[in-house]
Amino acid sequence: MKEIICLKDVRREYRMGHNIVTALDGVSFTINEGEFVSIMGPSGSGKTTCMNLIGCLDRPTSGLVRIGGEDISLLSDRALAALRSRTLGFVFQQYHLIPSMTVLENVMLPLRYQGVEKSRWKELAVSALERVDLGDRMNHLPHELSGGQNQRAAIARAVVGSPKIILADEPTGALDSQTGKTVLSIFSDINASGATVIIVTHDPLVGAQAKRLVKILDGRLD
C-alpha cells in the first residue's frame, strides 16, 4: 500500500510565557492510502496537535510531516493551503456550518476554493448530500436540522470535492449514541469507497470502530 501520511520523530513545542510546552515528543507513524485509523488519547495528550499537523493547519517544531508526498515544512503558506484544499476534507464536532446558508450552499462552498467549475457545484453537492441521506433537506438552514443531520451535512461538505483524506475531530461528541453509530457507519462507507479516514477521539468506543488505532499519551505514542 502507498503511504499518504508520514510523521517521523515529530516534536511540536509551544511557548507559554517563559515556559516551553512540548505537545508532541518524537512521534512517528505512517498511514497508507485507504486506511481507516483512529487517533485516540485523553484531553491534553497531543492528539489535537497531531490532527492539526496532519490537517496542514500547523507545522512541526522539528521532525518530518509528509502529507500526500509533500513535506509540509518546505511549503509556503499558500502552497500549504492548496495542499489542504485538494487533499483533505474536515469534519468537526460542532459542524461549523454557516447558519445563514442552506445546507446545499454550505456543501457547495468548498468547491469554490478548489477551482471546480461553477456549473458543477450543485450537481456535486446534491450527490454528496444524497450519499448521506440528506437529499430531502438540502434547502433547509442548519438550525432547521437535528444535530445528526447537521453532522451528516458536514460530512457531505467534507467529501464533496473527493479528497483523499477525511479528517474528523470528535465527530460524534455532540451526538446521542444511536446517531453517533449512524455517523460512524457513514465514515465506514466513505472508507470503503477508497478514501483514507482518520478519526480523532478520546472515546474508546469510537476509536474501536476504526480498523487501526494510534494511541497518544503525554505527547508520545502509547
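What follows is calculated from the coordinates using simple rules that are stated; it is not laboratory data. Everything numeric in this text was worked out from a predicted model, so none of it was measured. Virtual Cβ from ideal backbone geometry, glycine too; neighbours counted across all protein chains shown.
Points worth noting:
- Restricting V200, V159 to those that are surrounded by 20 or more Cβ atoms within 10 Å (Cβ to Cβ), more than 25 Å from E105 (Cα to Cα) and of a type in the set (V, I, T) reduces the list to V200.
- Each residue in segment 153-186 was checked for being of a type in the set (A, V, I, L, M, F, W, C) and either touching a Ser or Thr at 6+ places or on another chain (Cβ under 6 Å) or under 20 Å from N52 (Cα atoms) (or both), and 9 pass.
- Unique match (being of a type in the set (V, I, T) and surrounded by fewer than 18 Cβ atoms within 10 Å (Cβ to Cβ)) among V214, V116, V206: V116
- Members of segment 57-83 found to be closer than 17 Å to S28 by Cβ, part of a loop (DSSP other than H, G, I, E, B) and of a type in the set (S, T, N, Q), listed by number: T61
- Positions within segment 23-54 being closer than 13 Å to I4 by Cβ and outside any helix (DSSP H, G or I), in sequence order: F29, T30, I31, N32, E33, G34, E35, F36, V37
- Residues in segment 119-135 that are assigned to a loop (DSSP other than H, G, I, E, B) and touching a Leu at 6+ places or on another chain (Cβ under 9 Å) were compared, and the one that is surrounded by the fewest Cβ atoms within 10 Å (Cβ to Cβ) is G135.
- Considered as a group, the residues in segment 170-203 that are among the acidic types (D, E) and farther than 25 Å from K2 by Cβ include one that is farthest from the chain's Cα centre (by Cα), and that residue is D176.
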